[in-house]
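K.L.:
My questions will all concern the structure given below.
The values are calculated or read from the model by the stated rules, or taken from the named source; none is laboratory data. Since the structure is predicted, the reported quantities are computational estimates derived from the model, not experimental observations. Note: ideal-geometry Cβ built from the backbone for every residue, glycine included; neighbour counts use all protein chains shown.
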Amino acid sequence: MRLNDISMVFNTPEGELHAVDSVDLSMDAGQFMVIQGASGCGKTTLMLMAGALLKPTSGTVQLAGVNPYALSTDRRAGFRANYIGFVFQQFHLIPYLSVLDNVLAATLAAPDSGAEVRARKLLVDLKMESRLQHVPAKLSTGEQQRTALARAMINRPTMIFADEPTGNLDPENGEIVLQTLKKFTESGGMVLMVTHDRHAASYGDVVKRMDGGKFK
């Protein structure tokens, strides 16, 4: 992943707000990078731009050798489905689908005959084997986040973006999530995680701090 001189400027009634200001960032396979900083410092905006969800005002993004913002909307969505997994503090599970079907929903944009076998294995690894047919309302907070993590990993992405993935979790569930992300990088994947949690940050190979839209 390469971010070159990217910025995000929002127009507000008070004038221009430079949420991210001329930032460079690079990551390689097998790296676990953590970004820390106070609320409003620009770290989540940076992650959304890096993840092909928010087009920068200026600068370039390269993921797997591709500038996703040069693609059409449909092709960019397909690119995200194939190369990127997302884990957020809010789980965004579909309330009427079972755990297994929530995970498999992520494969609709990238159909794969082996997806169900892979989904079941991921859920076993995440200690969710007894919850496969439960809907989200029947799950604990930690179980919902583990489901979301399995969904992020189902398409075998190159990279996972995680925004405060342990923010709502107890220590035991937080540890399961962090260890799973670490194993993902040990197998050659990349993780970019935004967190306030010092323990979560300790999993990073590289820890960066943002302030005022820049790295300090």
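K.L.:
May I ask you to list the residues in segment 61-79 that are farther than 12 Å from Ala50 by Cα, of a type outside the set (Val, Ile, Thr) and in a helix (DSSP H, G or I)?
P.N.:
Listed by number, the residues that qualify are Ala70, Asp74, Arg75, Arg76, Ala77, Gly78, Phe79.
K.L.:
Within segment 191-213, count every residue that is among the basic types (Lys, Arg), in contact with a strand residue (DSSP E or B) (Cβ under 7 Å, 6 or more places away or on another chain) and either loosely packed, with under 14 Cβ neighbours inside 10 Å or closer than 16 Å to Ser39 by Cβ (or both). Please lay out each step first, then the result.
P.N.:
Pass one, segment 191-213, residues among the basic types (Lys, Arg): 198, 208-209.
Next, only the ones that are in contact with a strand residue (DSSP E or B) (Cβ under 7 Å, 6 or more places away or on another chain) stay: 208-209.
Next, from what is left, pick out any that are either loosely packed, with under 14 Cβ neighbours inside 10 Å or closer than 16 Å to Ser39 by Cβ (or both): 209.
Number satisfying all stated conditions: 1.
K.L.:
Additional query: Taking Ala109 as meeting all but one of (1) surrounded by fewer than 16 Cβ atoms within 10 Å (Cβ to Cβ); (2) modelled with pLDDT of 95 or more; (3) within 30 Å of Arg75 (Cα to Cα); (4) among the small types (Gly, Ala, Ser), write down the number of the exception.
P.N.:
Result: Ala109 fails condition (2) only.
K.L.:
Moving on. May I ask you to list the residues in segment 21-47 that are over 27 Å from Lys183 (Cα atoms) and in contact with a helix residue (DSSP H, G or I) (Cβ under 7 Å, 6 or more places away or on another chain)? Lay out the reasoning, then the answer.
P.N.:
So in segment 21-47, the residues over 27 Å from Lys183 (Cα atoms) come out as 21-23, 38-42.
Val23 - this is the single residue of segment 21-47 that is over 27 Å from Lys183 (Cα atoms) and in contact with a helix residue (DSSP H, G or I) (Cβ under 7 Å, 6 or more places away or on another chain).
K.L.:
Count, please, the residues in segment 1-43 that happen to be part of a loop (DSSP other than H, G, I, E, B) and of a type outside the set (A, V, I, L, M, F, W, C). Step through it out loud before you land on a result.
P.N.:
Here is the first cut: in segment 1-43, the ones part of a loop (DSSP other than H, G, I, E, B) are 1, 13-14, 27-31, 37-42.
When the remaining residues are screened for being of a type outside the set (A, V, I, L, M, F, W, C), the result is 13-14, 28, 30-31, 37, 39-40, 42.
Residues that pass the stated criteria total 9.
K.L.:
For segment 78-94, does any single residue satisfy the condition of being at pLDDT 95 or above and more than 16 Å from the chain's Cα centre (by Cα)?
P.N.:
For segment 78-94, residues at pLDDT 95 or above and more than 16 Å from the chain's Cα centre (by Cα): present.
K.L.:
Mind checking whether some residue in segment 62-81 is in contact with an Asp or Glu (Cβ under 6 Å, 6 or more places away or on another chain) and either of a type outside the set (Phe, Trp, Tyr) or farther than 15 Å from Thr158 by Cα (or both)? Spell out how you get there, then give the answer.
P.N.:
Kept after step one, since they are in contact with an Asp or Glu (Cβ under 6 Å, 6 or more places away or on another chain), are these residues of segment 62-81: none.
Checked segment 62-81: no residue is in contact with an Asp or Glu (Cβ under 6 Å, 6 or more places away or on another chain) and either of a type outside the set (Phe, Trp, Tyr) or farther than 15 Å from Thr158 by Cα (or both).
K.L.:
Would you point out the residue of segment 168-196, among those that are touching a helix residue (DSSP H, G or I) at 6+ places or on another chain (Cβ under 9 Å) and small (Gly, Ala, Ser), that is farthest from Ala50 (Cα to Cα)?
P.N.:
Per the stated criteria, the residue is Gly174.
K.L.:
Of the conditions (1) outside any strand (DSSP E or B); (2) without any contact (Cβ under 8 Å) to a residue 24 or more places away in the chain, Leu54 satisfies every one except a single condition; which number is it?
P.N.:
With respect to (1) outside any strand (DSSP E or B); (2) without any contact (Cβ under 8 Å) to a residue 24 or more places away in the chain, Leu54 is out only on (2).
K.L.:
Another one. Take the residues of segment 155-173 that are surrounded by 16 or more Cβ atoms within 10 Å (Cβ to Cβ), farther than 20 Å from Lys121 by Cα and of a type outside the set (A, V, I, L, M, F, W, C): which is modelled with the lowest pLDDT?
P.N.:
Gly167
K.L.:
Related question: Of the residues Gly65, Gly40, Gly51, which single one is surrounded by fewer than 18 Cβ atoms within 10 Å (Cβ to Cβ), closer than 25 Å to Ala201 by Cα and not aliphatic (A, V, I, L, M)? Give the steps one after another, and end with the answer.
P.N.:
Numbers: Gly65 fails: closer than 25 Å to Ala201 by Cα; Gly51 fails: surrounded by fewer than 18 Cβ atoms within 10 Å (Cβ to Cβ).
None of the other options fit; the residue is Gly40.
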